[in-house]
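Input: a single structure, listed below in structure tokens.
The values are calculated or read from the model by the stated rules, or taken from the named source; none is laboratory data. Not measured: the values here are computed from a predicted model. Note that we place each Cβ from the backbone using ideal geometry, even for glycine, and neighbour counts take in every protein chain shown. Side chains included, ligands, DNA and RNA excluded: accessible areas come from the protein's heavy atoms. Shrake-Rupley method; radii C 1.70, N 1.55, O 1.52, S 1.80 Å.
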Amino acid sequence: MTKVRALVLERQHELALREIDLPLEVGPGMVKIAIHTVGVCGSDVHYYTHGRIGPFVVNEPMVLGHEAAGTVVEVGEGVSHLKVGDRVCMEPGIPDPQSRASRLGMYNVDPAVRFWATPPVHGVLTAEVVHPANYTFKLPDHVSFAEGAMVEPFAVGMQAATKARITPGDTAIVLGAGPIGTMVALAALAGGCARVIVADFAQPKLDIAAQYQGVIPVNIGKRNLAEVVSELTEGWGADVVFECSGSPKAWETIMDLPRPGGAIVVVGLPVEPVRIDVAAASVKEVRIENVFRYAHQYDRAIALIGSGKVDLKPLISETFAFEDAVAAFDRAVEARPSDVKLQIRVAAE
Ligand code: ZN
């Protein structure tokens, strides 16, 4: 064990920037990474405010953070694709490679997966971590650490766009213009959608999404979404609807939105069970897909960011110094509608 400084969630509502013992021995197949930048995620904030997410309960002090980029500082035996000094980002979930889910290629739903900052697994708001090289990805030289730390949430968007099976020229709808909704919209556009209608009540969020070519913002506090979609598609409906709001209310009218044979991709997790109009889904043969994190998305997410086709920089609202990490979380709790992604710079430079 090594003593390192970390942002520790002691228990619900109590954060501390303090020293903690973490295992930092670099075994075979592993790399040690000096953390540079970490994004603040809704799940980190939820553990802070609620002390749990579903079955995952914070019973012991836990380091937060799972959206990270940094520099390789030590390489374990048998690692050939990374070297000291490489700038990298990391996939936070480590599955059991021998599990049945992993062997089927869907390692994200391996029940044994260990995911950063999901109790009892520590996260990465700390100076250094040791991680499997197989889940560590090199960043192109011109992609910043800040962008590297955005790869994790963008990978969720990539998974959603992949599950949607987008065809070039498609019209998509994204319900919810939070960070994930916006990144789903960008992945859908990169995947070939001609236009993505982004729906939310919060105008500042819509204004941020509207900066991107192909995004059509719709303030659903002012306009009826089904009417807008009907107008834009001559009554046919959208090819894909991405539910990213997590709002049970969104499900009440969602079946009005897809075209016959269209798809609904569920990204947002509703806090309570929702009712689905199965008959309405049936007469349109609506395909319903679910997204849980991501699998096999990092390479392509990094390629899109590196090519310049996807620019996530406008989504970084503010960057806090590591010393101000608690303030960053308190700012996230405020949930200002103009904030998309808050980040913490762990490294001094
Ligand atoms: Zn996240």
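Being away from the ligand (no atom under 16 Å from the Cβ) and open to solvent by 40 Å² or more (accessible area, probe 1.4 Å): is that true of VAL79 here?
no
Matching residues to (1) farther than 24 Å from ALA295 by Cβ; (2) assigned by TED's automatic domain parsing to the domain that holds VAL143; (3) touching a residue at least 12 places away in the same chain (Cβ under 8 Å):
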position: PRO23; (1), (2), (3): yes, yes, yes
position: ILE35; (1), (2), (3): no, yes, yes
position: VAL73; (1), (2), (3): yes, yes, yes
position: SER80; (1), (2), (3): no, yes, no
position: CYS89; (1), (2), (3): no, yes, yes
position: ILE94; (1), (2), (3): no, yes, yes
position: LEU104; (1), (2), (3): no, yes, no
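When you look at LEU125, is it on the phi < 0 side of the Ramachandran plot, surrounded by 19 or more Cβ atoms within 10 Å (Cβ to Cβ) and not assigned by TED's automatic domain parsing to the domain that holds ASP239, yes or no?
So LEU125 passes the test.
What are the residues in segment 1-49 that are of a type outside the set (Val, Ile, Thr) and within 16 Å of the ligand (Cβ to nearest atom), if any?
LEU7, LEU9, GLY39, CYS41, GLY42, SER43, ASP44, HIS46, TYR47, TYR48
This table checks each residue for (1) in a loop (DSSP other than H, G, I, E, B); (2) at pLDDT 95 or above; (3) over 30 Å from ILE94 (Cβ atoms); (4) out of contact with any Ser or Thr (no Cβ under 6 Å at 6 or more places or on another chain).
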site	(1), (2), (3), (4)
LYS249	no, no, yes, yes
ILE276	yes, no, yes, yes
ILE288	no, yes, no, yes
ARG293	yes, yes, no, yes
ARG300	no, yes, no, yes
SER317	no, yes, no, yes
ALA325	no, yes, no, yes
PHE329	no, yes, no, yes
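Exactly one of these conditions fails for ALA160: (1) aliphatic (A, V, I, L, M); (2) within 16 Å of the ligand (Cβ to nearest atom); (3) not in a loop (DSSP other than H, G, I, E, B); (4) not assigned by TED's automatic domain parsing to the domain that holds VAL198. Give me its number.
Evaluating ALA160 over (1) aliphatic (A, V, I, L, M); (2) within 16 Å of the ligand (Cβ to nearest atom); (3) not in a loop (DSSP other than H, G, I, E, B); (4) not assigned by TED's automatic domain parsing to the domain that holds VAL198 leaves (4) as the failure.
Just to verify a result, which residue in segment 108-120, among those that are more than 16 Å from the ligand (Cβ to nearest atom) and either farther than 18 Å from LEU24 by Cα or not in a loop (DSSP other than H, G, I, E, B) (or both), is least open to solvent (accessible area, probe 1.4 Å)?
The qualifying residue least open to solvent (accessible area, probe 1.4 Å) is ASP110.
Only one of (1) of a type in the set (Val, Ile, Thr); (2) open to solvent by 60 Å² or more (accessible area, probe 1.4 Å); (3) within 16 Å of the ligand (Cβ to nearest atom) is not met by VAL84, so which one is it?
(3)
Residues in segment 87-107 that are open to solvent by 20 Å² or more (accessible area, probe 1.4 Å) and either within 25 Å of GLU10 (Cβ to Cβ) or within 16 Å of the ligand (Cβ to nearest atom) (or both): how many?
Of the residues in that region, 1 qualify.
Does HIS131 qualify as being touching a residue at least 24 places away in the same chain (Cβ under 8 Å) and buried (at least 17 other Cβ atoms within 10 Å of the Cβ)?
yes
Listed residues ILE166, ILE180; which is modelled with pLDDT of 95 or more, within 15 Å of the ligand (Cβ to nearest atom) and open to solvent by 10 Å² or more (accessible area, probe 1.4 Å)?
Selected residue: ILE180, the only one of ILE166, ILE180 that is modelled with pLDDT of 95 or more, within 15 Å of the ligand (Cβ to nearest atom) and open to solvent by 10 Å² or more (accessible area, probe 1.4 Å).
Filter segment 29-53 down to the residues that are farther than 19 Å from HIS131 by Cβ and touching a helix residue (DSSP H, G or I) at 6+ places or on another chain (Cβ under 9 Å), then identify the one that is most open to solvent (accessible area, probe 1.4 Å).
ARG52
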